[in-house]
1. Looking at Val414, Val409, Val433, can you tell me which residue is surrounded by 21 or more Cβ atoms within 10 Å (Cβ to Cβ) and in a strand (DSSP E or B)?
2. Give me the pairs, please: first residue somewhere in the stretch 442-457 and farther than 14 Å from Gly247 by Cβ, second residue anywhere and part of a helix (DSSP H, G or I) and open to solvent by less than 20 Å² (accessible area, probe 1.4 Å), beta-carbon distance under 7 Å, and either six or more positions apart or on two chains.
3. Kindly evaluate Asp313 against the criterion of being open to solvent by 40 Å² or more (accessible area, probe 1.4 Å), in a loop (DSSP other than H, G, I, E, B) and charged (D, E, K, R).
4. Can you run down the residue pairs with Cβ atoms below 7 Å, 6 or more apart or on separate chains, where the first is in the stretch 39-52 and at positive phi and the partner is open to solvent by 10 Å² or more (accessible area, probe 1.4 Å)?
5. What's the number of the condition Pro386 fails, among (1) under 24 Å from the mean Cα position of the chain (by Cα); (2) under 25 Å from Asp458 (Cβ atoms); (3) part of a helix (DSSP H, G or I)?
6. Suppose the filter is within 16 Å of Tyr469 (Cα to Cα), touching a Leu at 6+ places or on another chain (Cβ under 8 Å), outside any loop (DSSP other than H, G, I, E, B) and open to solvent by 40 Å² or more (accessible area, probe 1.4 Å); does Leu404 pass it?
7. Is it the case, given these coordinates, that Ala238 is open to solvent by less than 10 Å² (accessible area, probe 1.4 Å), outside any loop (DSSP other than H, G, I, E, B) and touching a residue at least 40 places away in the same chain (Cβ under 8 Å)?
8. For Thr245, work out the one condition from (1) farther than 22 Å from Ile385 by Cα; (2) in contact (Cβ under 8 Å) with a residue 40 or more places away in the chain; (3) not basic (Lys, Arg) it doesn't fulfil.
Amino acid sequence: MYIGIDVGTSSVKLILMHGDGRIEATVSKDYPVSYPQTGWSEQQPEDWYNQTMAGLQALLRNVDATQVKGLSFGGQMHGLVILDAQDAVIRPAILWNDGRTSAEVAYLNDTIGRDKLSALTGNIAFAGFTAPKLLWLKAHEPENFARIHKIMLPKDYLAYRLTGVHCTDPSDASGMLLFDVKRRCWSQEMLAICGVEERMMPTVYESYEKVGTLKPDIANALGLADVTVAAGAGDNAAAAVGTGTVGDGQCNISLGTSGTVFIASDRFKVDDHNALHAFAHADGHYHLMGCMLSAASCGKWWIEDILGTNDYDAEQAAITALGDNNVYFLPYLMGERSPHNDADARGMFIGMSANTTRAQMTQAVFEGVTFALRDSLEVAKSLGIPITKTRLCGGGAKSRLWRLIITNVLGLEVELLQAEEGPALGAAILACVACGEYESVSQAADRIVSVTETLTPDATLVAKYSARYQTFQRLYPAVKAEFANLH
């Protein structure tokens, strides 16, 4: 059996999986997030470790723990964890959704320059990335910056606590803006820009490679024998492995609080405007990813906060005319990341008239999120990546209506999966590969992940939605200049 550990923002999720993909057990353990100032978001790395250990004990309580052969990780990306010379945590981790680095992001993109950043790393600076956090630390907490001996990411700190090895993988390292994604190594020039040295960085292993074994005291405490630990992957890459999104042109769309379009590619690609993140994949190749900040959260906001109901089924049952809505919704409630990179963007309804109905506005919310997902998909298509179908996961994917809208707005076959365990499943699959259960990540995903249903686009609806998408594309540029004046 194999353990997958997903170090999330609000909890750690652990699964115990048999080599053929059957899930034996799952456990989730919560921990807090701290918001010491407006826009700041921090966590105590010790909480990740303590709750993971508690989760492992619960996971293994009713099984023969000696059958566990491997363990690996998925994890929240971009978080800055810094250790001193004794490997003690210097300060709380600064998380992916921390917004304190606007000045540092502007410095990197405008002074260092977007073109240079893209040439060095394949990406430009975003507030969530790790490099701007280092520059902020250097400017605002120089005494802590001076103590840095190791720079780590959340899941990698957990791997260090379990194995004693300072390690990371290319998919997670890609989100630091310190990593040359194309060459899969640290960028010496970016390290210099941030005032750090390569000796401070963890050793890079492929996601499916063995980094070590569990420390004997930890293994003994849990009743485990010789357990191989694999490097693991950033949460999106791990989730993609868990949905079988491996191989050139394979696509997965996640409809969670935020929304992602994840497109696997055999070759490294960067779009002209860095609208999509160009990251390494957990299978040894690459991927492009578009991330929108408000996806299923738009539906929750509209139905629960505005309409004041929890009856999602009733609100969706009133929608009967797909493709024929004159109301549009811009889903930028929290600003937007891909493809606009505009923190000032906001949500907007347009096209209402005196006979506009509640159902039409609800429909516009679902359609607006989907049109925004298509924005990222179109960027990937412009690079020549052949995309004919997508897999779908996340809480929003439970809506039959939303699945139909996605199928026809994107004009793709949409595959639904038997099991959806997120990054934890992908991590367990990576552990399988590290232990030799499968020859490759691709082979493991093919054998473990199964599709239960495929939705096919309707040509008439595709044509209607394609026409409406052309209108949607014109809306954001038309109002973009006003967003900054709304605050």
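The values are calculated or read from the model by the stated rules, or taken from the named source; none is laboratory data. Please read these numbers as outputs of a predicted model, since none were measured by experiment. For neighbour counting, all protein chains shown are included, and Cβ atoms are generated from backbone atoms with ideal geometry for every residue, glycine included. These area figures cover heavy atoms from the full protein model, side chains too; ligands, DNA and RNA do not enter into them. Shrake-Rupley method; radii C 1.70, N 1.55, O 1.52, S 1.80 Å.
1. On the way: Val409 fails: in a strand (DSSP E or B); Val433 fails: in a strand (DSSP E or B).
Val414 is the lone residue from the list that is surrounded by 21 or more Cβ atoms within 10 Å (Cβ to Cβ) and in a strand (DSSP E or B).
2. Ile448/Ile429; Leu455/Thr407; Pro457/Thr407; Pro457/Asn408
3. Numbers: open to solvent by 40 Å² or more (accessible area, probe 1.4 Å): yes; in a loop (DSSP other than H, G, I, E, B): no; charged (D, E, K, R): yes.
Judged against the criteria, Asp313 is not a match.
4. Gly39/Gly99; Gly39/Arg100
5. The one condition Pro386 does not meet is (3).
6. On the way: within 16 Å of Tyr469 (Cα to Cα): yes; touching a Leu at 6+ places or on another chain (Cβ under 8 Å): yes; outside any loop (DSSP other than H, G, I, E, B): yes; open to solvent by 40 Å² or more (accessible area, probe 1.4 Å): yes.
Yes: the conditions hold for Leu404.
7. Values: open to solvent by less than 10 Å² (accessible area, probe 1.4 Å): yes; outside any loop (DSSP other than H, G, I, E, B): yes; touching a residue at least 40 places away in the same chain (Cβ under 8 Å): yes.
Criteria met by Ala238.
8. (1)
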